[in-house]
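The values are calculated or read from the model by the stated rules, or taken from the named source; none is laboratory data. As the structure is a computational prediction, the values presented were derived from the model and not from experiment. Here Cβ is always computed from backbone atoms with ideal geometry, including for glycine, and neighbour counts include all displayed protein chains. The area values use the complete protein model at the heavy-atom level, side chains included, leaving out ligands, DNA and RNA. Shrake-Rupley method; radii C 1.70, N 1.55, O 1.52, S 1.80 Å.
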Amino acid sequence: MSVSIGGRTPRKQASNALADAQLPRLIELWLLIAAAIVVGGTLLLVGFNLAVWAVLTAVVYVIAIGVASRLVENRRKAVDRVVRALVTIAFLLAVIPLISTLWTVVAKGIGQLNWTFITQTGAAHFDPTTLEVTTAPGALQAVVGTLEITGIATVISVPIGLLTAIYLVEYSLPSSPLRRIVTFLVDVMTGIPSIVAGLFAFSLFALIVGPKAFSGLSAAVALSVLMIPIVVRASEEMLRLVPDELREASYALGVTKALTIVKIVLRTAVSGIVTGIVLAVARVIGETAPIFIAASFTDNFNANPLSGPMQTLPVLAYTGYKFPGHDIVASNQAAWGAALLLVILVVIFNVIARVVAQFFAPKTGR
Amino acid sequence: MSKRIEVNDLNVYYGDFLAVEGVSMQIEPRTVTALIGPSGCGKSTFLRTLNRMHEVIPGAHVTGTVRIDGNDLYAPGVDPVLVRRQVGMVFQRPNPFPTMSIRENVLAGVKLNNRKISKSDADALVERSLKRANLWKEVQDRLEKPGASLSGGQQQRLCIARAIAVAPDVVLMDEPCSALDPISTLAIEDLIEELKQEYTIVIVTHNMQQASRVSDKTAFFNIAGAGMPGRLIEFDDTTTMFSRPSVQATEDYVSGKFG
C-alpha cells in the first residue's frame with residue numbers, strides 16, 4: 001500500500017505510514033571528516049594551504065550533505081541540512097576575527113602582564129655613570145587615567161542620560177515638539193565621530209583655560225559626549241519595557257508620579273539600565289582619538305584630572321607603537337600589555353554588571 | 001469607611017472624542033454596583049473617572065460632577081493622588097509589583113508613599129489585609145517570596161489585599177475575574193460579598209451570572225454604534241434588571257439576545 005502525505009510519497013515502504021527514510025544520526029560528523037580528508041588529500045598534491053583547505057572543506061561538505069539528504073531523505077530535509085550548514089559556517093566566520101583578536105592580544109600581552117607592570121609607572125631612567133637609558137615598563141599612570149577619565153565621564157553621562165530618558169518616556173507627550181527635537185538630537189549625537197567629540201572638548205577647554213588645555217576632565221567631557229546618547233537610548237528602551245499596568249497599579253494606590261517613577265519604574269528597569277550603562281562604558285573605555293586630543297599622553301604619573309596631560313590604556317597602546325621610546329621593543333611590549341589590561345578591565349566591568357543586574361532583576365521563582 | 005457616590009451628568013472625552021455621555025447615578029455606601037454592557041461601551045472608562053485614573057491617558061477629561069460624600073472629585077484644586085487614596089482600584093489583569101515580595105506588595109501603598117510604619121504595625125497590616133482578601137492561609141508561610149510566584153487567582157487576591165491595605169472608602173474593580181478560572185472567580189466573588197460589609201464596591205463585569213450573583217444594583221451601558229458615545233441605558237436593583245428591566249435593550253442584553 002502506498003501512502004501519500006501532502007503529495008509526497010515515501011521512498012521506502014516503511015512500516016509506519018508517518019515515518020520516512022533517514023540518514024544515520026552522525027552523518028554530519030562523518031561527512032565533515034570525509035570532506036576534510038578528501039580535500040586535504042587533494043590539496044597535498046598541489047600544495048597545502050590552511051585557509052584554502054577550510055574553505056574547500058566547507059563547500060564540499062555543504063554540497064555533499066545536500067546531495068546525500070536529497071537522495072535518501074526528502075527535499076525539505078535536504079534544504080534544512082544545507083541551510084543549517086550555511087548558518088553554522090556564517091557563525092564560525094563571525095567568530096573567527098573575534099577569537100583571532102583575543103588570541104593575539106593575550107599571546108602578545110601575557111608576557112608583559114605582571115604585578116609590577118600594573119603597579120609601577122613606566123619611565124625611562126638615565127644612568128649617568130654608564131650613559132645608558134633603561135626603560136622600566138609600567139602602566140600605572142594609564143590604569144589610573146583610564147579609571148578616572150571613564151569614571152568622570154560616567155558620572156557626567158549617567159544622570160544626564162537617565163533623566164533625559166525619563167523625560168522622554170514618562171513626561172513628554174508623543175506629539176510634543178521638544179520630545180521630537182530631543183530624540184532627533186540624540187540620534188545625531190549617536191553618529192558623532194569620536195574624533196569630533198575630542199576636538200569639541202579640547203576647544204571648549206582651550207576657551208576656558210587657555211591653549212594648554214590638556215586635562216583628564218576635558219577627555220572625560222569628550223567621552224561623555226559619546227556616552228550620553230548611548231545611555232539615553234538604552235535607558236529609554238528599558239523604561240518603555242516596564243508595563244503600564246505597574247504604573248497604573250501604583251497610581252491607584254495613591255502614589256505620586258515622582259515616587260512611582262523612582263520606586264516602581266526605575267526599580268523594575270534597573271537591571272536593564274545597569275547593563276546599558278556598562279555597555280556604554282565598555283564602548284568609550286577603548287576610545288583613543290578623543291583622549292589623545294583632549295588629554296594628550298604622558299609617561300608621568302598624573303592622578304589630577306583637572307590639569308596636565310593624562311595617560312590612558314588605549315592611548316598607551318597607541319603611543320607605544322606610534323611613538324616608541326628609546327627601547328622600541330619594550331615600548332611595543334608595553335603597548336600589548338596595555339591592550340590586554342584594557343580587555344581584562346572591560347571583562348571585569350561586564351562581570352560586575354551581570355552580577356548587579358542579576359541581583360536587581362525581578363524575581364519570579366517559586 | 002464607605003461612602004456614597006453621586007454622579008451627575010458626566011461626559012468623558014478622549015481629546016475631542018466624546019466616549020461616555022450624560023451619565024447620572026447614585027451609588028449607596030456598602031453596596032456592590034455592577035456595570036455591564038458590550039465591549040467598548042464605556043464601562044471601564046466610566047469606572048476610571050470615579051478615581052480619576054482616566055487621566056493617565058493624555059487628553060482624557062470630563063465634564064459634570066462626581067461627588068463622594070458631597071466632595072466633588074473634579075472641583076478645582078483637587079489632588080488626584082488624594083482621590084486615589086480614598087478610591088482604590090483592582091485591574092483586569094493581576095499586576096503585583098514584580099520586584100517585591102508578597103509582604104512588600106501588600107505594604108506597597110504605605111511604603112511607596114514614604115510613610116513610616118513600625119514593624120509590628122506593618123506585620124499587623126499585612127496579616128489583616130491578607131486575611132480580608134482570603135489569601136492569608138495560603139501565603140502566611142512564604143510572605144518573603146516574590147508576588148509573581150503566586151497563581152493568577154492568588155495574584156488577583158494579592159492585588160485586592162494591596163488595594164484595601166491603604167484603607168480606601170471605595171474599591172473599583174475592572175473585570176477582576178476575566179483572567180481567572182472558575183474556582184478563583186468563586187473565591188473573589190465570596191471576597192466581594194465580605195468586603196461589602198465595609199466598602200462601597202463598583203465592579204465592571206462581562207459575566208452576567210457574576211453581576212446577578214454579587215451585585216445589589218446593576219447599571220447597563222450601551223453604545224449606539226461605532227464612533228458614538230457610550231450611554232447609561234438603565235440603572236436599577238439587580239433583581240429588577242435581570243427579571244423585568246424597563247428598557248428593551250437591557251432585556252435583550254441580559255437574556256443573551258446580543259452582546
List pairs: first in the stretch B:53-65 and away from chain A (no Cβ under 14 Å), second surrounded by fewer than 15 Cβ atoms within 10 Å (Cβ to Cβ) and not β-branched (Val, Ile, Thr), Cβ under 6 Å, 6+ apart or cross-chain? B:GLY64/B:ASN8; B:GLY64/B:ASP9; B:THR65/B:ASN8; B:THR65/B:ASP72
Go through (1) in contact with a helix residue (DSSP H, G or I) (Cβ under 6 Å, 6 or more places away or on another chain); (2) over 30 Å from B:PRO98 (Cα atoms); (3) in a loop (DSSP other than H, G, I, E, B) one by one and return the number of the condition A:GLY254 breaks. (2)
Pick from the stretch A:1-34, criterion more than 16 Å from A:LEU71 (Cα to Cα) and polar (S, T, N, Q), ranking: modelled with the highest pLDDT: A:ASN16
Quick one: which of A:SER218, A:SER203, A:SER235 is among the hydroxyl-bearing types (Ser, Thr, Tyr), part of a helix (DSSP H, G or I), under 24 Å from the mean Cα position of the chain (by Cα) and over 25 Å from B:GLN86 (Cβ atoms)? A:SER235
Out of A:ARG240, A:ARG283, which single residue is closer than 22 Å to A:ALA361 by Cα, more than 14 Å from chain B (Cβ to nearest Cβ), among the basic types (Lys, Arg) and part of a helix (DSSP H, G or I)? A:ARG240
Top-ranked residue in the stretch A:161-178 [being touching a helix residue (DSSP H, G or I) at 6+ places or on another chain (Cβ under 7 Å) and touching a residue at least 12 places away in the same chain (Cβ under 8 Å); ranked as nearest to A:ILE285 (Cα to Cα)]: A:GLY161
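Per-residue answers, yes or no, for (1) away from every other protein chain (no Cβ under 14 Å); (2) surrounded by 15 or more Cβ atoms within 10 Å (Cβ to Cβ); (3) free of Cβ contacts under 8 Å to residues at least 60 places away in the same chain; (4) not acidic (Asp, Glu):
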residue	(1), (2), (3), (4)
A:LEU316	yes, yes, no, yes
A:THR319	yes, yes, yes, yes
A:HIS326	yes, no, no, yes
A:VAL343	yes, yes, no, yes
A:ILE352	yes, no, no, yes
A:ALA357	no, yes, no, yes
A:PRO362	no, yes, no, yes
Filtering helices (runs of 4 or more DSSP H) wholly in the stretch B:171-248 for at least 3 residues that are in contact with a Ser or Thr (Cβ under 6 Å, 6 or more places away or on another chain) gives B:238-243
I need the full set of residues from the stretch B:109-122 which are over 12 Å from B:ARG162 (Cα atoms) and outside any loop (DSSP other than H, G, I, E, B), in order please. B:LYS119, B:SER120, B:ASP121, B:ALA122
Go through (1) open to solvent by 20 Å² or more (accessible area, probe 1.4 Å); (2) more than 9 Å from chain A (Cβ to nearest Cβ) one by one and return the number of the condition B:ILE68 breaks. (1)
So, in the stretch A:101-120, how many residues would count as being closer than 20 Å to A:THR146 by Cα, without any contact (Cβ under 8 Å) to a residue 24 or more places away in the chain and open to solvent by less than 70 Å² (accessible area, probe 1.4 Å)? 2
Exactly one of these conditions fails for B:ARG231: (1) open to solvent by 50 Å² or more (accessible area, probe 1.4 Å); (2) closer than 27 Å to B:GLU104 by Cβ; (3) among the charged types (D, E, K, R). Give me its number. (2)
Can you list residue pairs whose Cβ atoms sit under 6 Å apart, with the first residue in the stretch A:49-63 being within 21 Å of A:ALA78 (Cα to Cα) and the second being of a type outside the set (Asp, Glu) and open to solvent by 70 Å² or more (accessible area, probe 1.4 Å)? Count only pairs 6 or more apart in sequence or on different chains. A:TYR61/A:LEU32
Has the stretch B:39-60 got at least one residue that is at pLDDT 90 or above, among the aromatic types (Phe, Trp, Tyr) and either touching a Lys or Arg at 6+ places or on another chain (Cβ under 6 Å) or open to solvent by 10 Å² or more (accessible area, probe 1.4 Å) (or both)? no
Does A:LEU98 qualify as being open to solvent by 80 Å² or more (accessible area, probe 1.4 Å) and modelled with pLDDT of 90 or more? yes
Quick one: would you say A:ALA252 is buried (at least 19 other Cβ atoms within 10 Å of the Cβ), within 12 Å of chain B (Cβ to nearest Cβ) and farther than 14 Å from A:GLU170 by Cα? yes
From B:ASP79, B:ASP121, grab the single residue that is more than 13 Å from every other protein chain (Cβ to nearest Cβ), farther than 19 Å from B:GLN154 by Cβ and modelled with pLDDT of 90 or more. B:ASP121
